[in-house]
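Taking it in order: structure first as structure tokens, then the write-up.
The values are calculated or read from the model by the stated rules, or taken from the named source; none is laboratory data. Since the structure is predicted, the reported quantities are computational estimates derived from the model, not experimental observations. So basically every Cβ, Gly included, is an ideal-geometry build from the backbone, and we count neighbours across all protein chains shown.
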Amino acid sequence: LASSHYNFVVKEAPYKRLCHTKKILTVNGKFPGPTIRVHKGDTIYVKVHNKGKYNITLHWHGVKQPRYPWSDGPEYITQCPIKPGGIFKQKIIFSTEEGTLWWHAHSDWSRATVHGAVIVYPKFGTGYPFPKPNAEWPIILGEWWKKDVMEVLQLFLRTGGDPNISDAFTINGQPGDLYQCSKSETFRLSVDQGKTYLLRFVNAAMNSPLFVSIANHMLTVVGIDGGYTKPLTSNYITISPGQTLDALLQANQNPNNLYYMAARAYSTGLNVPFDNTTTTAIVQYNGNSTPFSSPIILPNLPYYNDTDAAFGFLGLLRSLASNEHPGNVPLKISSHIISAISVNTLPCERNNSCEGPNGTRLAASMNNISFVWPSIDILEAYYRHINGVYRPNFPGFPPYIFNFTADYLPLILEIPKRGTKVKELKFNTTVEMVLQGTNVVAGIDHPMHLHGYSFFIVGTGYRNFDKDKDPFTYNLIDPPLRNTAMVPKNGWITIRFTANNPGVWFMHCHIERHLTWGMETVFIVSNGKCPEEHLLPPPPDMPPC
Ligand code: C2O
Ligand code: CU
């Protein structure tokens, strides 16, 4: 039996990539960080020691933490950060999740290197809803900057423009052998002919959705975001930052060849420079006579801005909706929310001009509110009735209704208001939320993530949401259940969930630069009637603000 107590020491360690060595922030000196393996229903304790030089928090992405947001992690939302030298023991409660999730830093841009996989196995005595694989690997997709990531962050905050793009994508921490100085470290998957492998994908990249494919091999998707799906066989996958995906790989090809697994960006932003680099790992068959240097077959990945390829794949995913893993899509909705999500501009705070359009600085918003981080966490303020930290007036509708995806939009939409506004929900409210991408400044896809819940994606479409027509297209039978969903560029998605997890829960775009610019809001879900529906009390060692 695996231990339920872990020590996570956050500290710097030297790592060499792309011919350069630099110090990066790690957990226990590892990059990617340690994998956590639990069974459904387990509770674990992670003691986090901050031995780095920056404030830090850790988040358990996709873990619902029923009634216990105290260990959820986003800085200034559910806790104040752990200061250098500080310790915080987090309690992670696994309830309904099953499959692959992950953990990552949720402060500044530390998550670039501070992240790892979480694997939730079925309860003892139960099994997968698919044939048991012979072996499994976490496949963590990431990004690597030659520069210090904190410098990248500081620089673009100063200039008000876009951040520098990364220098490489990575698979399990390795750029792979299409990059310089990466050949001998390329991640290798050694397989036996005829066997089946479970690949547990995590997109831990900071700013890029990715396409992933393996030459000559199909992937059969069996799970997403810590829940099972109907099996879906495809020759590539689309995975956005924040998302996880479980897929079976059948080792059924000519064992005398070597095959690349390759990943590269899916990118539609107008002014965002496209990272045309490709990260690779190698699939090799055991016991064959292939010389180490023989040619490796590359897969065909969709074109970098192929939105139909990206959403064609995502749109085929269906939750299992079986007896053992039922889907229960809320059918009667008590709260309808529409949120326009936009990239915006704000006046430059420097004397001279910033690098955004017309000398402005770039920002982002939900319903034209660009989120401002408070200096005491919202959960603490809510729990202890501290006034003046947030206001419960996050608008449930955009300030103006337009065709948000038109080429020219009213200037008034370009400049958001700033504020720490939250949306309050009564316990057990059934929520339907339409997330509408807009063409303000420039349209781009947004992977929106909700803490504390998984939600059903009941509908999606390109262009402006049509409230009279689009609801008739909703799938209320077996829609995919996710914690992170891609809103297509200048398109929309509709999500549904039942607000039955009391507490303070963050919602934000998982593109890190959009999070930094303010594309987020907070839900505060009240207690239910019975004591079993109440927020649990905080632990004694919450980091002080
Ligand atoms: Cu994976 Cu709020 O994050
Ligand atoms: Cu975004």
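Just for region 522-545: of the residues that are more than 14 Å from R67 (Cα to Cα), at pLDDT 95 or above and surrounded by fewer than 24 Cβ atoms within 10 Å (Cβ to Cβ), which one is farthest from ligand 2 (Cβ to nearest atom)?
Applying the first criterion (more than 14 Å from R67 (Cα to Cα)) to region 522-545 yields 522, 540-545.
Imposing the further condition that a residue be at pLDDT 95 or above reduces the set to 522, 540-544.
Within this subset, residues satisfying the condition of being surrounded by fewer than 24 Cβ atoms within 10 Å (Cβ to Cβ) are 540-544.
Working: P540: 37, D541: 34, M542: 30, P543: 28, P544: 32 Å.
Only one residue tops the list, namely P540.
Based on what the data block shows, is T494 assigned to a strand (DSSP E or B) and away from ligand 2 (no atom under 16 Å from the Cβ)?
On the way: assigned to a strand (DSSP E or B): yes; away from ligand 2 (no atom under 16 Å from the Cβ): yes.
Yes, satisfied.
Please go through region 126-143 and pick out each residue that is touching a strand residue (DSSP E or B) at 6+ places or on another chain (Cβ under 8 Å) and either polar (S, T, N, Q) or part of a strand (DSSP E or B) (or both).
Our first condition is that a residue be touching a strand residue (DSSP E or B) at 6+ places or on another chain (Cβ under 8 Å); within region 126-143, this holds for 128-131, 133-143.
Within region 126-143, N134, A135, E136, W137, P138, I139, I140, L141, G142, E143 qualify.
Would you confirm whether or not region 16-35 contains a residue that is surrounded by fewer than 24 Cβ atoms within 10 Å (Cβ to Cβ), within 30 Å of F456 (Cβ to Cβ), touching a Pro at 6+ places or on another chain (Cβ under 6 Å) and not assigned by TED's automatic domain parsing to the domain that holds Q174?
Looking through region 16-35, at least one residue is surrounded by fewer than 24 Cβ atoms within 10 Å (Cβ to Cβ), within 30 Å of F456 (Cβ to Cβ), touching a Pro at 6+ places or on another chain (Cβ under 6 Å) and not assigned by TED's automatic domain parsing to the domain that holds Q174.
Looking at S182, is it at pLDDT below 95, small (G, A, S) and over 20 Å from R37 (Cβ atoms)? Even if it seems obvious, please write down each step before you answer.
On the way: at pLDDT below 95: yes; small (G, A, S): yes; over 20 Å from R37 (Cβ atoms): yes.
Here the answer is yes, as S182 does meet what is asked.
With respect to F456, is the statement that it is under 28 Å from A112 (Cβ atoms), part of a strand (DSSP E or B) and either away from ligand 2 (no atom under 15 Å from the Cβ) or modelled with pLDDT of 95 or more (or both) true?
On the way: under 28 Å from A112 (Cβ atoms): no; part of a strand (DSSP E or B): yes; either away from ligand 2 (no atom under 15 Å from the Cβ) or modelled with pLDDT of 95 or more (or both): yes.
Spelling it out, it is not the case that F456 is under 28 Å from A112 (Cβ atoms), part of a strand (DSSP E or B) and either away from ligand 2 (no atom under 15 Å from the Cβ) or modelled with pLDDT of 95 or more (or both).
So which residues in region 144-156 are outside any helix (DSSP H, G or I) and over 20 Å from the mean Cα position of the chain (by Cα)?
Taking region 144-156 first, the residues outside any helix (DSSP H, G or I) are 144-148.
Hits for region 144-156 are K146, K147, D148.
Given (1) at pLDDT below 80; (2) of a type outside the set (F, W, Y); (3) touching a strand residue (DSSP E or B) at 6+ places or on another chain (Cβ under 6 Å), where does I297 come up short, assuming only one miss?
Unmet for I297, out of (1) at pLDDT below 80; (2) of a type outside the set (F, W, Y); (3) touching a strand residue (DSSP E or B) at 6+ places or on another chain (Cβ under 6 Å): (1).
Tally up the residues in region 484-497 that are in contact with an Asp or Glu (Cβ under 8 Å, 6 or more places away or on another chain) and either assigned by TED's automatic domain parsing to the domain that holds A205 or among the aliphatic types (A, V, I, L, M) (or both), please.
Matching residues across region 484-497 total 3.
Identify, please: which residue in region 158-196 is of a type in the set (S, T, N, Q) and assigned to a loop (DSSP other than H, G, I, E, B) and is, among those, surrounded by the fewest Cβ atoms within 10 Å (Cβ to Cβ)? Show your work before the answer.
So the first thing to find is which residues in region 158-196 are of a type in the set (S, T, N, Q), and the list is 159, 164, 166, 170, 172, 174, 180, 182, 184, 186, 190, 193, 196.
Retained after the next criterion (residues that are assigned to a loop (DSSP other than H, G, I, E, B)): 164, 166, 172, 180, 182, 184, 186, 193.
On the way: N164: 14, S166: 23, N172: 22, Q180: 13, S182: 22, S184: 8, T186: 20, Q193: 13.
For region 158-196, the residue satisfying everything is S184.
Conditions: (1) among the aliphatic types (A, V, I, L, M); (2) in contact with a Lys or Arg (Cβ under 9 Å, 6 or more places away or on another chain); (3) buried (at least 19 other Cβ atoms within 10 Å of the Cβ). I82 meets all but one. Number of the miss?
If we test I82 against (1) among the aliphatic types (A, V, I, L, M); (2) in contact with a Lys or Arg (Cβ under 9 Å, 6 or more places away or on another chain); (3) buried (at least 19 other Cβ atoms within 10 Å of the Cβ), just (2) comes out false.
Just one of T521, T484 is touching a residue at least 40 places away in the same chain (Cβ under 8 Å), under 16 Å from the mean Cα position of the chain (by Cα) and under 18 Å from A310 (Cβ atoms); which is it?
Working: T521 fails: under 18 Å from A310 (Cβ atoms).
None of the others qualify; the one that does is T484.
If you check L481 against the conditions, is it within 16 Å of ligand 1 (Cβ to nearest atom) and outside the structural domain of Q65 (by TED's automatic domain parsing)? Even if it seems obvious, please write down each step before you answer.
Values: within 16 Å of ligand 1 (Cβ to nearest atom): no; outside the structural domain of Q65 (by TED's automatic domain parsing): yes.
Answer is no for this residue.
Suppose we filter P241, P255, P231 for residues that are within 18 Å of the chain's Cα centre (by Cα) and either at pLDDT 90 or above or crowded, with 20+ Cβ neighbours inside 10 Å (or both); which single one remains? Can you show your working first?
Numbers: P255 fails: within 18 Å of the chain's Cα centre (by Cα); P231 fails: within 18 Å of the chain's Cα centre (by Cα).
Checking each option against the conditions leaves just P241.
Among (1) out of contact with any Lys or Arg (no Cβ under 6 Å at 6 or more places or on another chain); (2) in contact (Cβ under 8 Å) with a residue 24 or more places away in the chain; (3) within 30 Å of T57 (Cα to Cα), which single condition is V440 missing?
That leaves (3) as the condition not met.
Select the strands (runs of 3 or more DSSP E) contained entirely in region 21-125, then report the ones holding at least 2 residues which are within 17 Å of the chain's Cα centre (by Cα) and in contact (Cβ under 8 Å) with a residue 60 or more places away in the chain. Break it down stepwise before answering.
Details: elements: 36-39, 43-50, 58-61, 87-93, 99-105, 115-121.
Result: 58-61, 99-105, 115-121.
May I ask you to verify whether I511 is within 16 Å of ligand 2 (Cβ to nearest atom) and assigned by TED's automatic domain parsing to the domain that holds N393?
Values: within 16 Å of ligand 2 (Cβ to nearest atom): yes; assigned by TED's automatic domain parsing to the domain that holds N393: yes.
When the stated conditions are applied, I511 passes them.
Tally the residues that are among the small types (G, A, S) and free of Cβ contacts under 8 Å to residues at least 40 places away in the same chain, restricting the search to region 350-376. Before the answer, list the steps.
Of the residues in region 350-376, the ones among the small types (G, A, S) are 353, 356, 359, 363-365, 370, 375.
When the remaining residues are screened for being free of Cβ contacts under 8 Å to residues at least 40 places away in the same chain, the result is 353, 359.
Residues meeting the conditions: 2.
For the subset of region 107-145 comprising residues that are within 16 Å of ligand 2 (Cβ to nearest atom) and in the same structural domain as Y54 (by TED's automatic domain parsing), which member is surrounded by the fewest Cβ atoms within 10 Å (Cβ to Cβ)?
Taking region 107-145 and keeping what is within 16 Å of ligand 2 (Cβ to nearest atom), we get 109, 111, 143.
Subset that is in the same structural domain as Y54 (by TED's automatic domain parsing): 109, 111.
Working: W109: 24, R111: 27.
By that ranking, first place goes to W109.
Which of the following residues is of a type in the set (F, W, Y) and in contact with a Ser or Thr (Cβ under 8 Å, 6 or more places away or on another chain): Y128, Y179? Spell out how you get there, then give the answer.
Values: Y128 fails: in contact with a Ser or Thr (Cβ under 8 Å, 6 or more places away or on another chain).
Answer to the check: Y179.
Any residue that is away from ligand 1 (no atom under 16 Å from the Cβ), hydrophobic (A, V, I, L, M, F, W, C) and assigned to a loop (DSSP other than H, G, I, E, B) - is there at least one of those in region 497-520?
No; the residues of region 497-520 include none that is away from ligand 1 (no atom under 16 Å from the Cβ), hydrophobic (A, V, I, L, M, F, W, C) and assigned to a loop (DSSP other than H, G, I, E, B).
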